[in-house]
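Please treat every number below as a calculation from the coordinates, not as lab data. Keep in mind it's a predicted model, so treat the numbers as computed, not measured.
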Amino acid sequence: MSDSDAATEGRGTAATDTDEGGRRDVVVPLRLYKTITVFSTLIAAASILAGFILLDAATLQVSVLRNLIVSAIEAVGVTPNQDLLGGLLAIAGLGLMAFGSGVFILSSRFRAAGMGNAQEDADEESNNG
């Protein structure tokens with residue numbers, strides 16, 4: 001263990017490991033790892049679901065969400081253009097889906113101390129028959 005590793009562990013901050021592929025894994029305590037995993041999965045799943053709901057509202061003229069949005073805009077006194085509204089809903093839906101995917105990808109960088117990488121174990125022989 002080098003002096004920088006000892007200093008990092010002494011302060012209680014996360015250490016980073018870089019493998020040959022350039023992927024950085026952040027080693028965190030187990031409790032923090034569980035918290036990151038739970039909330040990032042929750043945020044990613046909710047974002048993907050909301051993105052699909054917005055895409056549905058963008059493509060269906062009879063969608064409940066679309067009717068609520070149109071009613072809210074018309075309550076202000078503006079009549080929305082249906083093509084523009086569909087485009088905005090589609091862009092918002094795809095944006096939410098991309099955000100959810102990004103959250104999930106970034107959360108996969110964290111690991112608890114003692115967890116190995118699947119790539120590190122790839123050179124072991126398989127005993128599957």
Return a whole-number percent for the relative contact order of region 43-114, with Cα pairs under 8 Å and 6 or more residues apart as the contact set. 51
Please list 3J(HN,Hα) in residue order for region 46-55, calculated via the Karplus relation 6.51 cos²θ - 1.76 cosθ + 1.60 where θ = phi - 60°; whole Hz, with x for glycine and proline. 5, 5, 5, 4, 5, x, 5, 5, 5, 5
